[in-house]
There are 2 protein chains.
Amino acid sequence: MAFEIEKALAELNQEIEHLPFKAEPQRLYDPIRYILANSGKRVRPLLALIGYYLFDDTYAKAMQPAIGVEMFHNFTLLHDDIMDQAPLRRGIPTVHEKWDENTAILSGDVMLVKVYDRFLGVDPEILPVILQKFNRCAAEVCEGQQYDMNFETSDRVQEADYLEMIRLKTAVLLGFSLEMGALLGGASAGEATLLKEFGENIGVGFQLKDDLLDVYGDQRKFGKQVGGDIIANKKTYLLIKALELAEGEQSEKLNAWMEKKEFDGAEKVREVTGIYNDLNIKHLAETQSNSYFQKGFEALERLPVAVERKKVLFDFAQNLINREK
Amino acid sequence: MAFEIEKALAELNQEIEHLPFKAEPQRLYDPIRYILANSGKRVRPLLALIGYYLFDDTYAKAMQPAIGVEMFHNFTLLHDDIMDQAPLRRGIPTVHEKWDENTAILSGDVMLVKVYDRFLGVDPEILPVILQKFNRCAAEVCEGQQYDMNFETSDRVQEADYLEMIRLKTAVLLGFSLEMGALLGGASAGEATLLKEFGENIGVGFQLKDDLLDVYGDQRKFGKQVGGDIIANKKTYLLIKALELAEGEQSEKLNAWMEKKEFDGAEKVREVTGIYNDLNIKHLAETQSNSYFQKGFEALERLPVAVERKKVLFDFAQNLINREK
């Protein structure tokens, strides 16, 4: 049986639509239905299903845990959006905007509890190890968010700290999704770890590419305002490297742009991009990003599973990497 | 072996002090240490240990899950305090006051994840049922908090709705603590359910007594300002019953006091208490509270466990009931 992404995605969406949340209290459960219905690309649960498929044909046994991972991801978005005071998520009002902050806090809390319901059908023999790994991953995602918030008010962020932050905040959940799917499908601990490595490395590379696209992306394809990170002084890999490498006049100029309270957005983007160009930041970021992708694909190569089967995962990851928004 | 409350409490506090939270990021894990160190009475984990003791002498196997329940309780306080904008908790600044709201949200989130770590050592054979029951209870606690918030802006709250709200918000976790302890100790499903019934009923009775103490408590023994609920128009059992029973002039007077924006606190407390007295509210609340206590103790009586052993739980509950703050 071949793995069909579109079919799996349709099944996931179908299951998510029928999740058994109570009707009352409405204000508690409606936001959960709302955020889950406004579907993203369902990358994580698809990775979980593919992880399973690498070791066993059907993936029905991985469906509910996969949805748990997707619910957890959406739970983090719901609470992160409060912390970041984000008005929009995937083009529609965030939960704390549509309802209010208290509602967003409490709905998120119950959503996190409901994540754990999705694991209850896991074979009791491996349930403890799945939960232990999930808990660790979930805590790491929170740690990543905390580091990200710390960085906002930190003068100088080191490259290594930034890489660790994005690993925690976004990559570990991709790694866990694959690892969990594999373990549910009967993979050995070693095999599952290779997939986790694949997912984590692709995840970090992916985030670095995201940082790059903000500055060097094609405005027609890129979903957001090109240069948005520059305008907001967001501590991306590019800015962190530039702050590290800039010297003398260049350093002063960069810092001056960061301190300026009133400015023309287009001019700031042009000027800061100019500094990035002078410092060869694009190349550095691409090299870093590609080295993570390579490390990820090497782990996948080492996985002792038939190449035809691994191709599904390889193609799926390549599609993610090549996306331009 | 007899069950010694003081010894169990010391063991619990010892274990809680040594919970394995990371040092970093500090801002994520310090608030968890902070709220857990400012210990309450540890009622819930003690109930879990006693529940275990009813079926098996030692209670080491219940220790970690009992701490999980205590952590969950403190997690709810942490997030509820944000929602209620409470400045103090057990006499010291709340987490969102000492740090900030974002910190309180995120620390709470990771704390909830860490609750589930406490269950990982449970015998895999009963882990799924323990988790399923815990998840249900945890979601119900959130539902209770949501109903409580809904009531704040609701004109008329029905007695039955109020009783259901306090059952969800506070009683079910007491019931679950006992039920979980019993199941871990080898109780049958029926025995565990009797203990859950005991805990839930005592919990509701207890909350009703709390409502009573706010108005009729002895100021010297009561921890808070007597009449605080009246001043704040808090929808307690007393106010809900008074609004239901008051007619004509009395009803107008009560509503006028509730609508007044500027008033002398002592006068409002005296006047509203006067209305309560005229309506015999104290007696109604005491009767309601006692009927829950009685229902609880009846469930305990039906439990087929030696009377000497049940005495520990009976005495513990009586102590809670007779407390005046």
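Rule-based calculations on the coordinates, nothing more; no lab input. For clarity, every value in this text was computed on a predicted model and none was experimentally measured. Please note: Cβ atoms are built from the backbone with ideal geometry, for glycine as well, and neighbour counts cover all protein chains shown.
Restricting to DSSP H runs of at least four residues, report the calculated mean residue ellipticity at 222 nm for chain B, -39500 (n - 2.57) per run over all residues, nearest 500 deg cm²/dmol.
Calculated at 222 nm, the ellipticity per residue is -23500 deg cm²/dmol.
First select every other residue whose beta carbon is under 14 angstrom from the beta carbon of A:Leu49; then total the charges, Lys and Arg +1, Asp and Glu -1.
Result for the local shell: -1.
Between A:Arg89 and residues 5 or more places away or on another chain, which pairs have amide H atoms under 5 Å apart, with H built 1.01 Å from N, and which residues are they?
The answer is A:Thr94.
Taking springs between alpha-carbon atoms closer than 10 angstrom, which of B:Ala160, B:Ala285, B:Ala299 fluctuates most in the Gaussian network model of chain B?
Sorting by GNM fluctuation, first place goes to B:Ala160.
For region A:1-187, what does the alpha-carbon gyration tensor say about shape, rounded, prolate or oblate, given a ≥ b ≥ c as the root eigenvalues, a/c under 1.5 as rounded, and a/b over b/c as prolate?
It is oblate, given that a/c is not under 1.5 and a/b is not larger than b/c.
Once both labels are modelled 7 Å past Cα along the beta-carbon direction, what's the B:Glu262-B:Arg220 spacing in nm?
For the pair B:Glu262/B:Arg220, the computed spacing is 3.7 nm.
Got a sec to turn the phi values of region B:73-81 into Karplus ³J(HN,Hα) couplings, 6.51 cos²θ - 1.76 cosθ + 1.60 with θ = phi - 60°, whole Hz, x for Gly and Pro?
4, 5, 4, 5, 5, 4, 6, 4, 5
Subtract the Cα-Cα distance of A:Phe314 and A:Glu15 from 0.36 nm times their separation in residues, and report this length gain in nm to one decimal.
Roughly 105.1 nm would be gained on extension.
Show the residues, 5+ positions off or on another chain, whose built amide H is closer than 5 Å to the amide H of A:Gly121.
Close amide H contacts, sequence-distant or interchain: none at all.
When Cβ neighbours within 10 Å are restricted to other protein chains, what is their mean count per residue of peptide A:91-102?
1
Determine the shielding of peptide B:144-150 by partner chains: average, over its residues, the number of Cβ atoms on other chains within 10 angstrom of each Cβ.
5
Farthest toward the dipole's positive end in the protein assembly as shown, which of B:Val69, A:Ile231, B:Leu49, given Cβ charges of +1 (Lys, Arg) and -1 (Asp, Glu) about the Cα centre?
B:Leu49
Just counting partner chain Cβ atoms within 10 Å, what average do the residues of peptide A:115-128 show around their Cβ?
Average per residue, whole number: 4.
What shape does chain B have by the C-alpha gyration tensor, where a ≥ b ≥ c are the square roots of the eigenvalues, rounded means a/c under 1.5, and otherwise prolate means a/b greater than b/c and oblate the rest?
oblate
When the Karplus curve 6.51 cos²θ - 1.76 cosθ + 1.60 is applied with θ = phi - 60°, which whole-Hz ³J(HN,Hα) does each residue of region A:34-49 get, with x for Gly and Pro?
Listing the rounded values in order: 4, 6, 6, 6, 7, 5, x, 8, 6, 4, 5, x, 5, 4, 4, 5 Hz.
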